[in-house]
Amino acid sequence: MNITVHKTVQLYYIRHGETEWSLSGRHTGRSDIPLTAHGEAQARALSEWLGDIKFTCVLTSPRQRARRTCELAGLGTAAGIDDDLAEWDYGEYEGQRSVDICRARPDWNVFRDGCPGGEAPASISERADRLIARLCAVQGSVALFSHGQFGSVLAARWIGLPVREGQHFALGPASLSVLGHEPGHSDVRVITLWNAAPRNV
């Protein structure tokens, strides 16, 4: 993948590799769950895509699943920790599956309702907006190693949509997405690539 340096920031968003909880559909926010062996293989496969890109900076969530993905993808030595890249705080729903939550709250949707004892949509929107504002001061390519539902929120906010629309931006494990700008129109933010993953892993 040949990438040129842009005058505006280009965000390369990488969701961490597979974990036992992502396999079972359990919401994983603050819990520090490691990658599975397959998740580590997924992360290594990303190095083929990321290795030739000259990143202005590399940032990762503080959670080990994101940090390990960054390391195995070949960017660990360049990475800094950014708390704003942490996954949604699921509060009382930490470790639960959506199907189980919906037995008690049939109409529950994290992007609309948030989580009791955790983050509300307005709070995570503010966090995503704060991250975007900081990164828009950067020129060139930025690698972000983070999580599934925070990435969905970041994509929605990048193009000016409310958090609830993040439900339409699903992310698989060890996927790569690119948030950028319309060529020739630096004021127009676009989703250049979404939820791409190396094959045969």
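If you take every DSSP beta bridge whose two residues both sit in segment 1-141, what share of them, in percent to the nearest 5, is antiparallel? Don't skip to the end; give the middle numbers.
On the way: 2 of 8 bridges.
Of all bridge pairs located within segment 1-141, approximately 25 percent are antiparallel.
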(request) With the full set of protein chains in place, find how many percent of the accessible area of the chain is carbon and sulfur; take the probe as 1.4 Å. (result) 48 percent
(request) Classify segment 64-122 as rounded, prolate or oblate, taking a ≥ b ≥ c as the square roots of the eigenvalues of its Cα gyration tensor: rounded when a/c is under 1.5, otherwise prolate if a/b is larger than b/c and oblate if not. (result) prolate
(message) For Gln10, what residues show an amide H to amide H distance below 5 Å, using hydrogens built from the backbone and excluding near sequence neighbours?
(response) Gly140, Ser141, Val142
(request) Would you calculate the volume per residue, in Å³, of the smallest convex hull containing every Cα atom of the chain? (result) 107 Å³
(request) Return the long-range amide H neighbours of Trp194 (sequence gap of 5 or more, or a different chain), with a cut-off of under 5 Å between placed amide H atoms. (result) Val178
(message) Using a Gaussian network model on the chain with a 10 Å cutoff between Cα atoms, which of Pro183, Pro34, Pro121 fluctuates the most?
(response) Pro183
(message) Can you compute 3J(HN,Hα) from phi for each residue in segment 165-172, using the Karplus curve 6.51 cos²θ - 1.76 cosθ + 1.60 with θ = phi - 60°, rounded to whole Hz and x for Gly and Pro?
(response) 6, x, 4, 8, 10, 5, 10, x
(request) Measure nothing fancy, just the Cα-based angle from helix 121-135's long axis to the longest principal axis of the chain, in degrees from 0 to 90, nearest 10. (result) 10 degrees
(request) Note down, for segment 105-173, the three equivalent ellipsoid semi-axes (square root of 5 times each alpha carbon gyration tensor eigenvalue), biggest first, whole angstrom. (result) 23, 13, 11
(request) State to the nearest 20 debye the size of the charge dipole of the chain about its Cα centre, where the only charges are +1 on K and R beta carbons and -1 on D and E beta carbons. (result) 220 debye
(message) Quick one: 3J(HN,Hα) in Hz for segment 43-49, Karplus 6.51/-1.76/1.60 with θ = phi - 60°, rounded, Gly and Pro as x.
(response) 5, 4, 5, 5, 4, 5, 7
(request) For n ≥ 4 DSSP H runs only, could you compute -39500 (n - 2.57) per run for the chain, divide by its residues and tell me the 222 nm figure to the nearest 500? (result) -8500 deg cm²/dmol
(request) Please give the FRET efficiency for Asp129 paired with Ser47, using the beta carbon to beta carbon distance and R0 = 45 Å, rounded to the nearest 0.05. (result) 0.90
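The values are calculated or read from the model by the stated rules, or taken from the named source; none is laboratory data. Treat the numbers as computed from the prediction; the structure is a model and nothing was measured. FYI the Cβ positions are ideal-geometry reconstructions off the backbone, even for glycines, and counts take in every protein chain you see. Surface areas here come from the heavy atoms of the whole protein model, side chains and all, with no ligands, DNA or RNA. Shrake-Rupley method; radii C 1.70, N 1.55, O 1.52, S 1.80 Å.
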